[in-house]
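The values are calculated or read from the model by the stated rules, or taken from the named source; none is laboratory data. Being a predicted model, the structure only gives us computed values, none of them experimental. No Cβ is skipped: glycine too gets one built from the backbone with ideal geometry, and neighbour counts run over all protein chains shown.
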Amino acid sequence: VNPLKGVEIKQFKSRYNNSPIAGTAIFTDQNGFAVHEQLINAFDKAIVTLGKDSLAIFLDNYRYNYRNYNDDEEEKKVILFTDRPIYRPGQIIHFKGLVIEKGKEKNKILPSEKLEVNFKDANGKKIEDLAVTSNEFGTFSGSFTIPLGKLNGTMLISTDFGNINIQVEEYKRPTFEIVFDKANQKYKLNDSVKVQGKATSFAGYSVANAKVSYKVYRTAIYDYSLNYAQRMAIYGSQAFDRTQIAIGKTTTKGDGKFEFSYLAKATNDKINYSFFIEAEITDINGETRTKTTAVNVGKKDIKLAISASQVIFLGNKPDSISFNVSNLNNEPIKAKVKAEWSLLQSPSRLMNKSPFQAENYMLSKEEFIKAFPTDDYDNELEVSKWPVKNLQYSQNLTANGNGELMLNSKDLVAGYYKIKLSAISEQNDTISIDKYIVICGTEPKKIESPIEMVIPELNVITPEESAIFRVAGLSNNAKGYYEVYYKNTIVEKVWLNLSPKQTIVRIKPKANFEDGFAVQFSMIYNGTVYNYLQQVNIIDKQKQLDIKFLTFRDKLQPGEKESWKLQISNKNGEKQMAEMVATLYDASLDDFRKMDWNRNINTNFDYNFYTWQFQTNDINSGENLWYLKNYPTYYGLVARNYENLNLFGYNYYGAYNYGYHNYIRSIQAKPKKGLSPEANKKLAELEKGKLVYGIVLD
């Protein structure tokens with residue numbers, strides 16, 4: 001692939017009368033580039049011509065307008081904080097605000113800014129206003145007293161540049177809380193599950209002799225990784241049904257603890273279930289609190305997960321991959337773990353992903369490769385299909401929840417690997433998962449698949465470092481191209497001469513680069529376009545703060561005074577002038593409304609609009625040819641009809657319809673309508689008079 005000079009690009013804009021307006025033609029330079037200032041809004045299609053060859057393309061104006069959207073003018077913004085999430089009438093609201101100028105590239109604080117802060121009631125009427133001026137850190141503070149006799153609800157503290165909602169209610173502060181014990185015990189389907197918990201007052205004493213009412217519901221744990229046919233085969237049409245399976249009452253003991261059991265009954269022992277427990281506790285004063293939890297139960301009570309990126313660089317110092325072993329309730333468990341590292345045999349040729357995939361190939365692999373030498377055969381680019389070359393090494397270790405697989409250059413060579421991770425718990429539950437990764441050595445090598453065409457070796461850097469990429473082509477004498485972007489500027493355009501042997505590309509940030517920049521690589525191999533947009537983050541430790549407590553007490557007596565000391569420093573340990581906002585509030589209020597101080601004030605630039613659009617002149621419908629003329633001529637496509645069943649108005653839609661599923665549910669529900677011998681026995685007991693708890697089903 002080489003850049004083409006002298007290619008004519010003629011742009012057109014459609015009109016209501018189907019007579020397009022042609023723009024001025026532009027031509028590519030020696031690097032293959034052509035720039036038109038009116039491209040943003042003026043045209044919607046173009047014809048590219050070189051000699052007798054031509055290509056018609058649509059211009060996606062939305063993408064270019066999106067770029068303009070990212071270039072908003074600087075605006076003033078006020079970010080407000082309050083000292084608690086909810087208030088009663090008559091209480092004082094303490095607030096603090098930060099005034100910034102939110103720019104397209106960075107934010108800056110605005111000192112000495114004069115503002116008016118308004119306090120409005122639930123009907124939007126002004127209660128009070130306050131004049132404030134921001135200090136040298138761009139902040140201000142103040143307070144409002146909530147008047148009595150006003151309508152409760154959502155009140156508002158506002159400025160011209162930002163506001164915050166205030167919730168005002170005549171709430172009754174809760175005096176105790178419910179805490180469930182963690183589900184650490186081993187359970188299987190159709191076992192009796194014990195639920196334990198405790199009711200404790202916020203003052204620290206236990207809530208004894210309180211009434212406990214509980215309900216238990218069951219739902220299937222859905223595996224969204226399965227396709228529709230697999231899901232229907234495993235779960236049926238009642239996958240999301242919520243079924244009540246237990247109800248009962250008990251009381252708390254003298255220490256506030258309570259417990260009850262239920263049967264983890266399963267209708268299908270091949271899937272896992274989640275049992276939702278709802279407990280309602282009423283103390284001797286009549287205060288009622290409700291808490292819910294869930295216990296997951298399955299045939300095997302073990303989960304295994306591995307955390308590893310697709311590409312791992314193997315340095316001179318030991319590195320590791322993290323994994324986690326837990327039960328179905330995400331609690332860490334002890335297990336023996338074995339990891340087998342198998343080096344895979346890659347295909348003997350470099351190729352594109354074929355656009356044509358068949359269930360059954362009429363051509364043999366040799367015949368296919370002869371006809372299509374640069375396309376893959378039967379998904380042979382999928383690493384999971386590659387044969388094992390040899391078992392490189394294995395590891396045996398014991399984990400208690402989290403663990404690490406150590407790897408270093410003595411055990412591994414560069415290449416593609418399958419990590420088979422197996423675990424067995426103390427209850428002899430077993431699980432196994434596979435993870436496919438690419439190991440890169442310290443030196444560049446010849447690539448084995450398109451996965452390695454662009455690999456970011458270092459994309460989180462300091463201002464003094466360079467971003468490092470390994471770049472390769474799929475053939476000898478290949479061409480590659482990359483651009484470097486910073487905010488709204490294309491900083492650099494570079495053509496590369498490539499081969500399957502990796503080339504090291506180093507990109508050093510300019511002095512004015514803040515936070516980061518982006519790089520986009522583009523290559524073409526036999527009509528297939530490869531595009532990679534990678535953002536590089538710049539970490540300036542001089543601008544980062546460390547905050548730590550010097551003194552902190554978490555247990556106080558009511559009415560006791562306390563002070564907490566914090567130290568704010570930069571990453572070098574030097575003291576740093578700063579201002580902070582902090583509050584101390586009643587944590588029980590979180591049950592009414594959560595405290596949330598998260599504020600979006602970042603200026604992260606979105607580089608996605610730089611992604612290259614490409615069209616390779618592949619026409620898949622006759623209508624796509626119409627705009628080569630000055631008027632639309634739509635070509636009718638020939639459709640072939642086959643014999644089919646006459647359903648007399650019934651629409652099946654391949655089981656994707658309500659009528660079908662409703663019919664299936666009715667069939668599945670029929671057996672439930674008949675009374676079982678167990679139910680008849682219970683009805684006989686009822687005739688004699690007996691207090692029972694049960695579930696009514698229709």
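Side notes on the structure shown:
- The number of residues in region 386-395 being assigned to a strand (DSSP E or B) and among the hydrophobic types (A, V, I, L, M, F, W, C) comes to 2.
- Among the residues of region 592-620, those identified as at pLDDT 80 or above, more than 21 Å from the chain's Cα centre (by Cα) and among the charged types (D, E, K, R) are 593, 594.
- Selection of first residues in region 594-609 that are among the aromatic types (Phe, Trp, Tyr) and of second residues that are modelled with pLDDT under 70, restricted to Cβ pairs under 7 Å at least 6 apart or on distinct chains, gives the following pairs, ordered by first then second residue: 609/63; 609/66; 609/67; 609/70.
- Positions within region 150-169 being without any contact (Cβ under 8 Å) to a residue 40 or more places away in the chain, surrounded by fewer than 16 Cβ atoms within 10 Å (Cβ to Cβ) and on the phi < 0 side of the Ramachandran plot, in sequence order: 151, 154, 165
- Residue identified as in contact with a helix residue (DSSP H, G or I) (Cβ under 7 Å, 6 or more places away or on another chain), surrounded by fewer than 15 Cβ atoms within 10 Å (Cβ to Cβ) and at pLDDT below 90 among 548, 571, 575: 571
- The listed residues are 419, 424, 431, and the only one of them that is closer than 30 Å to residue 349 by Cβ and of a type outside the set (Phe, Trp, Tyr) turns out to be 419.
- The residues listed here are 108, 114, 102; of these, the one that is on the phi < 0 side of the Ramachandran plot, over 34 Å from the mean Cα position of the chain (by Cα) and not aliphatic (A, V, I, L, M) is 114.
- Residue 485 satisfies every condition listed in (1) out of contact with any helix residue (DSSP H, G or I) (no Cβ under 7 Å at 6 or more places or on another chain); (2) outside any loop (DSSP other than H, G, I, E, B) except (1).
- Unique residue being modelled with pLDDT under 70 and over 22 Å from residue 612 (Cβ atoms) when the list is 68, 18: 18
- Test: residue in region 372-385 that is surrounded by 14 or more Cβ atoms within 10 Å (Cβ to Cβ), within 31 Å of the chain's Cα centre (by Cα) and assigned to a helix (DSSP H, G or I): yes
- Residue within region 225-246 that is assigned to a helix (DSSP H, G or I), among the β-branched types (Val, Ile, Thr) and under 29 Å from the mean Cα position of the chain (by Cα) present: yes
- Any hit, region 459-471, residues being of a type in the set (Phe, Trp, Tyr) and touching a Phe, Trp or Tyr at 6+ places or on another chain (Cβ under 7 Å): no
- The condition of being among the charged types (D, E, K, R), in contact with a Pro (Cβ under 6 Å, 6 or more places away or on another chain) and not assigned by the TED database to the domain that holds residue 276 holds for only one of 128, 136, that being 136.
- Per-region count, region 546-584, residues of a type in the set (Lys, Arg) and within 36 Å of the chain's Cα centre (by Cα): 2
- Restricting 208, 233, 264 to those that are touching an Asp or Glu at 6+ places or on another chain (Cβ under 8 Å), at pLDDT below 95 and of a type in the set (A, V, I, L, M, F, W, C) reduces the list to 264.
- Candidate set from region 396-427 (those that are small (Gly, Ala, Ser) and part of a strand (DSSP E or B)); member that is nearest to residue 319 (Cα to Cα): 403
Yes/no per residue for (1) in a strand (DSSP E or B); (2) over 29 Å from the mean Cα position of the chain (by Cα); (3) in contact (Cβ under 8 Å) with a residue 60 or more places away in the chain; (4) more than 30 Å from residue 377 (Cβ to Cβ):
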| residue | (1), (2), (3), (4) |
| --- | --- |
| 324 | yes, no, yes, yes |
| 330 | no, no, no, yes |
| 336 | yes, yes, yes, yes |
| 340 | yes, yes, yes, no |
| 359 | no, yes, no, no |
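- Residues satisfying the stated conditions in region 428-475, i.e. in a loop (DSSP other than H, G, I, E, B), touching a Leu at 6+ places or on another chain (Cβ under 9 Å) and more than 30 Å from residue 304 (Cβ to Cβ): 442, 447, 453, 465, 466, 472, 473, 474, 475
- Looking only at region 269-285, and only at residues there that are surrounded by 14 or more Cβ atoms within 10 Å (Cβ to Cβ) and not in a strand (DSSP E or B), the one that is modelled with the highest pLDDT: 283
- Considering region 406-436, the residues that are of a type in the set (A, V, I, L, M), surrounded by fewer than 19 Cβ atoms within 10 Å (Cβ to Cβ) and under 27 Å from the mean Cα position of the chain (by Cα) include one that is farthest from residue 301 (Cα to Cα), namely 433.
- Selection count, region 369-411, where residues are closer than 23 Å to residue 350 by Cβ and of a type outside the set (Ser, Thr, Tyr): 19
- Any hit, region 367-380, residues being at positive phi, out of contact with any Pro (no Cβ under 6 Å at 6 or more places or on another chain) and in contact (Cβ under 8 Å) with a residue 24 or more places away in the chain: no
- Residues that are assigned to a strand (DSSP E or B) and surrounded by 14 or more Cβ atoms within 10 Å (Cβ to Cβ), drawn from region 249-260: 250, 257, 258, 259, 260
- Residues of region 314-328 satisfying the condition of being surrounded by 14 or more Cβ atoms within 10 Å (Cβ to Cβ) and modelled with pLDDT of 90 or more: 321, 323, 324, 325, 326, 327, 328
- Selection count where residues are part of a strand (DSSP E or B) and of a type in the set (Asp, Glu), scope region 510-556: 1
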